[in-house]
Amino acid sequence: MEIFQIPLDTLVVDQDNIKEIQCGICLQILVTPRQCKNGHLYCLGCIQQSLKKNRHECPQCRCSLDLDKLSRSLFLEKHLRNLNVFCKNHFKIEDFPTLFGSLNHSNKNLSPTWVEDLEGCTFIGPHENIESHEISCQFRFENCKFSVNNNNNNNINSNSNSKNNNNSNSNSNNNISGISVNSFNLMTSSLNNSIHGNCSGFNSSNNSSGSNSPLVRVNQKDMNSKSNLVGNLNNEEDELLTTTEGNSGEDHNNNNNGNNNNSFSSSDIKPTECSKIRFKDLEKHYLVCPFRPIQCNFCKSEFSFHSIKDHENNCDFRLVECNQCKSQIPKKELNYHLNEKCPNQIISCTFGYCDKTFERKELNNHLNETLAQHMIMMKQQQQDEINLLKKEFSSQLQLKDEKIKGLEKLIKEKLSEPKIKIDWKIKNYLECKRNGYHQSEKFIIEGFPFFIGIFTDGDNNESKGYISIYLFLDTSDIPKGRCINTEFSLKFNNQRDPSQSLNREYKATFPIRDGSGWGDRRSIKTHSLESNGYIKDNTLLITAEVTIKKILWLVEESQCDKH
């Protein structure tokens, strides 16, 4: 946004003698005038800038000059204070229909051209008193209290989905003038000593005369589009229309103190805020403002006038006609009405076994007329369901029986397998290590004598440095031809950390040829066994679990005598 100001030169009434009070440097009306010894006048800010550039001389007569030699001109200061000026609300930007508005320059950096506004304020007064007038000037511009961006209008619901009103019109009959929707977000009553904004020597701290020129904030985008501007009061082409379409529009319009001769038009451009309005026209404007609050005829909520039509078209409380019974139903209740209440809606019989359809109003008659049929249908349906449940129950019962038989068979097989656990405690491990071999006492399983044997340094050259452990069958005390199929495990118990115990599982059929045992030649390193907690108090614990799977008899083929 660009900020522009009305120069004091424009505000001066007597333009013919304005050159007599202009600065010799910036060529604008003097601010805080200072003079050289020869009477040449400059703005204090301008001559300070000139002297800072090491030019210690008067720019006009070249006499020697510095800050100490500058003097005031009391006569000129009094003349400036009594200078007759127009109220700032007397002007507008050239070619713009209201007091302040868009620039018609192709270069946005160009300053605006200010011209007299025939509808503006006509007050003329001394420069030193103009500010007090402008504060209370009836032609000053004010924010509409109903504007969307105005804090006074926060209670108005502006979230309705509406086609938006085009507020680029004004009411010529009511003599109301306004400015662009977005052209003026900020306007102050004075420029705080800034009439020399274009003067290179201007310094606000040194400006004692001040100015009453308005500070205008102009949106360049809005200023390039006259469709967003409120027109001149006397321009009949820019007439403000204030009525809406439809029945609800007529109701709302009738509340506007009889202003039925006005009409309100909509456009696809959604207004974002109301225009600036001259103070004298505010009350008239409030009667036709598109942002004035108005109550919805259906939900009784408040909305801005420009959005009320679209809101009412979509209001949940708007009465709509049921396409079945033609009754008037609030829009939000229409689905519920069709699903639960509408007498003409086609529904199915509420009796679950009946597939008849009819209008809801015929439901009671149907139930009374078909009561006996419904009972027969219910009996048949229930019998079918009972038969189906019986069939499913029989099928599931058969599956359960098969599963139980399988489990019983498995349990029987498990229980039929003899199993024995042997804990072998070697109390004098070091002595056993010196001997190199040690075996347990015999234990009998199903008449078969077994024992465990360990070699503390392996049982051959390949297993030196390892513990070799085996399960042996004593074949000297079993019938010839009899053998046994086994599954067994041999575990070295870690007495420091049981979870680190070493357990190995095996399968073997005894007797093994040549009376050998079955196990692991390199089950664990001897050093690891002795240093990792397996030996405690010179004692080693070994656990064996042996399960007999089958007992077999081997029948050798006999040699028949030849005859």
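Report yes if GLU312 is assigned to a helix (DSSP H, G or I), in contact with a helix residue (DSSP H, G or I) (Cβ under 7 Å, 6 or more places away or on another chain) and either surrounded by fewer than 17 Cβ atoms within 10 Å (Cβ to Cβ) or of a type in the set (Asp, Glu) (or both), otherwise no. Considered against the rule, which asks whether it is assigned to a helix (DSSP H, G or I), in contact with a helix residue (DSSP H, G or I) (Cβ under 7 Å, 6 or more places away or on another chain) and either surrounded by fewer than 17 Cβ atoms within 10 Å (Cβ to Cβ) or of a type in the set (Asp, Glu) (or both), GLU312 comes out as yes. Of all residues in segment 461-483, those being assigned to a helix (DSSP H, G or I) and touching a residue at least 24 places away in the same chain (Cβ under 8 Å) number 4. Of the listed requirements (1) assigned to a strand (DSSP E or B); (2) out of contact with any helix residue (DSSP H, G or I) (no Cβ under 6 Å at 6 or more places or on another chain), CYS432 misses just one: (1). Taking segment 274-302 only, how many residues are open to solvent by 10 Å² or more (accessible area, probe 1.4 Å) and β-branched (Val, Ile, Thr)? Selection size over segment 274-302: 1.
Is it the case, given these coordinates, that LEU541 is in a helix (DSSP H, G or I) and either touching a Phe, Trp or Tyr at 6+ places or on another chain (Cβ under 9 Å) or at pLDDT below 90 (or both)?
Against the criterion (in a helix (DSSP H, G or I) and either touching a Phe, Trp or Tyr at 6+ places or on another chain (Cβ under 9 Å) or at pLDDT below 90 (or both)), LEU541 does not qualify.
One residue stands out in segment 63-92 among those that are open to solvent by less than 80 Å² (accessible area, probe 1.4 Å) and among the basic types (Lys, Arg): the one that is nearest to THR10 (Cα to Cα), namely LYS88.
For segment 491-538, the set of residues classified as of a type in the set (Val, Ile, Thr) and either assigned to a helix (DSSP H, G or I) or touching a helix residue (DSSP H, G or I) at 6+ places or on another chain (Cβ under 8 Å) (or both) consists of THR526, ILE535, listed by residue number.
The values are calculated or read from the model by the stated rules, or taken from the named source; none is laboratory data. Not measured: the values here are computed from a predicted model. Glycine gets a Cβ as well: all are built from the backbone with ideal geometry, and neighbour counts include every protein chain shown. Quick note on the areas: whole protein, heavy atoms, side chains included, nothing else; ligands and nucleic acids left out. Shrake-Rupley method; radii C 1.70, N 1.55, O 1.52, S 1.80 Å.
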